[in-house]
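See structure below.
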Amino acid sequence: MNLLHANDSPGQYPSSWYAATAEALPPFPTLKGEVTADVCVVGGGFTGLSSALHLAERGYKVALVEAHRVGFGASGRNGGQLGSGQRQDQETLEKMVGPEDAKKLWDQGEEAKALVKSLISKHKIECHLKPGIAHACFSDREMRDEHTHTEHLRNHYGYDQIENMDAEAFRALVPSPTYHGGSLDMGAAHLHPLAYALGLARAAATAGVEVYEASEVHNIQRGAQAVVQTGQGRVVADHVILACNGYLGGLDRKVAARVMPINNFIIATEPLGDEAAKIVTRDIAVADTKFVVNYYRLSHDKRLLFGGGESYGYKFPRDITQTVRKPMLEIYPHLKDAKIDYSWGGTLAITMKRMPYLARVAPNMLSASGYSGHGVGNATHAGKLMADAIAGQAEGFDTMARVPTSVFPGGTMMRSPLLVLAMTWYAMRDRLGM
């Protein structure tokens, strides 16, 4: 199944609250005929746009090809949370890669946050960037584990922007009876992801990047000069960057074996007005401890943007609203009569160890993907790391590339059914409170 076309209309953003409120860009041209470039970037999300922008600012001639519209995929549909560190916690990373590389990965996660904030400031991107993400726990045991983790960050990494909260303090912040404490990370942030992606696209085009939309890549011929073939044209380039994430398809088997596309879903309520204070009492985002995580925040027009719900297989469910309304009402039962104005799905990508997969898939071809729900910062940063590597400064890229990334079991035919079994098991654990 080609996920570029499985759930969406060609060349159109989904009917999301993000698409309804972002300042649209005029369409970029379709690639026709042959163009040459120092670097061809495949994919117009955070990764591709960041790599293209940073390369152009270094003086490289860059062509970026996108199958639909810039920001079309997960970059323009996600929860908009700019988290600290990596997707895996530091204790896990210390065991996975050792203390030295774990510290480097923490530093890279912090660099990723700073990079996003600096790009927004430098290029005057209006994307409603606000500080604060709360981590919500469902039991006293989970709260104790969360507090132990935050103390580890403070004591071993010098991170002092996160505050532990007991059940009473947390409910004053997030007034849901289901939570038993947690933490508040004011070094993290949240934003309007599509507006941010479109701002990166404007900046890249201004810097000289040749952006082509409606230009799906069907084949890449490798060699000293690579040939990136689309339906109506091709790019001949010295270097290629694969920035496709969940939409890679068959462009590279090595990456596809380690990066699995999955779907996630978000709903937006009607504006809640004064009722919004019953969701969160400060303008922060929230993510909880369920394996099938619930993540949410208030929009600038006081809607609840709530992500979550379970759906297995590559097709979106027929009723996204009902899929997501169920977990929303478990957290906020008083919203049972709230109207849902928007619902949408998106395809992201995960890895077995929930860490990004960065790799040299050919001497002149780099790939970054598999952000596993931590992509606002990591994808932006990975784009810069690939630009740096092409320019001869590969230390940061190589640190990420050393993170072990397992092949999904079952090959391309069986890995999706096996993932369904695993996700069903963990979803059952969520429901049983295990």
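The numbers here are math on the coordinates, done by the rules we state, and not lab data. The shown structure was predicted, so the numbers you read here are calculated from the model rather than taken from an experiment. Cβ sites come from the backbone with ideal geometry, for glycine too, and all protein chains shown count toward neighbours.
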Item to check | Relative exposure of K254, K384, K95, judged by other C-beta atoms within 10 Å (fewest first) | outcome: K95, K254, K384
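Which ordering of S372, S9 is given by a fewest-first count of other beta-carbon atoms within 10 Å? The partial results should precede the final answer.
On the way: S372 23, S9 10.
Neighbour counts put them in this order, fewest first: S9, S372.
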Next on the checklist: What does the C-alpha gyration tensor say about the overall shape of the stretch 186-259? Classify as rounded when a/c is under 1.5, otherwise prolate if a/b is larger than b/c, or oblate.
Outcome noted: oblate
Checklist entry - What nm value, rounded to one decimal, do you get for the distance between A6 and Q322 when each label is placed 7 Å out toward the C-beta? => result 2.2 nm
Checklist outcome for this item: If amide H atoms are modeled at 1.01 Å from N in the peptide plane, then the residues at a separation of 5 or more from C244, or on another chain, having amide H under 5 Å from its own are A368
Item to check | Local electrostatic count, T36, Cβ distance below 15 Å [Lys/Arg +1, Asp/Glu -1] | outcome: -1
Next on the checklist: Helix-only mean residue ellipticity at 222 nm, the chain, DSSP H runs n ≥ 4 weighted -39,500 (n - 2.57), per residue, nearest 500. What is it?
Outcome noted: -11000 deg cm²/dmol
Checklist entry - Quick one: net charge of M96's neighbours, Cβ under 14 Å, K/R +1, D/E -1? => result +2
Checklist outcome for this item: Cβ-Cβ cut-off under 12 Å around I125, Lys and Arg +1, Asp and Glu -1: the net charge is +2
Checklist outcome for this item: Looks like the stretch 149-208, by Cα gyration tensor root eigenvalues a ≥ b ≥ c and the a/c under 1.5 rounded cutoff (else prolate when a/b is bigger than b/c, oblate otherwise), is oblate
Checklist entry - Hey, fewest Cβ within 10 Å first, where do T289, T269, T47 land in order? => result T289, T269, T47
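Rounding to the nearest 20 debye, state how big the charge dipole of the chain is about its Cα centre with +1 on each Lys and Arg Cβ and -1 on each Asp and Glu Cβ.
Working: 44 positive and 45 negative charges, 185 e Å.
About 880 debye.
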Checklist entry - Under a point spin-label approximation (7 Å from Cα along Cα-to-Cβ), what is the S118-R154 distance to one decimal in nm? => result 2.9 nm
Next on the checklist: Using the Cα centre of the chain as origin and beta-carbon charges of +1 (Lys, Arg) and -1 (Asp, Glu), tell me which of V35, W344, H374 is placed farthest towards the positive end of the dipole.
Outcome noted: V35
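List the DSSP H helices in the chain whose Cα atoms stretch 24 Å or more along the helix axis and whose mean Kyte-Doolittle hydropathy is at least 0.0. Let's see the in-between values first.
Details: long enough: 99-122 (34 Å, -0.81); 140-157 (25 Å, -2.46); 411-432 (31 Å, 0.33).
Result, helices passing both filters: 411-432.
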Checklist entry - Hey, if you put +1 on the Cβ of every Lys and Arg and -1 on every Asp and Glu Cβ in the stretch 101-210, which of L129, V174, N164 ends up farthest toward the positive end of that dipole? => result L129
Next on the checklist: Based on DSSP loop calls and a cut-off of at most 16 other Cβ atoms within 10 Å, the longest stretch of the chain free of exposed GluC sites (Glu not before Pro) is what?
Outcome noted: 127-434
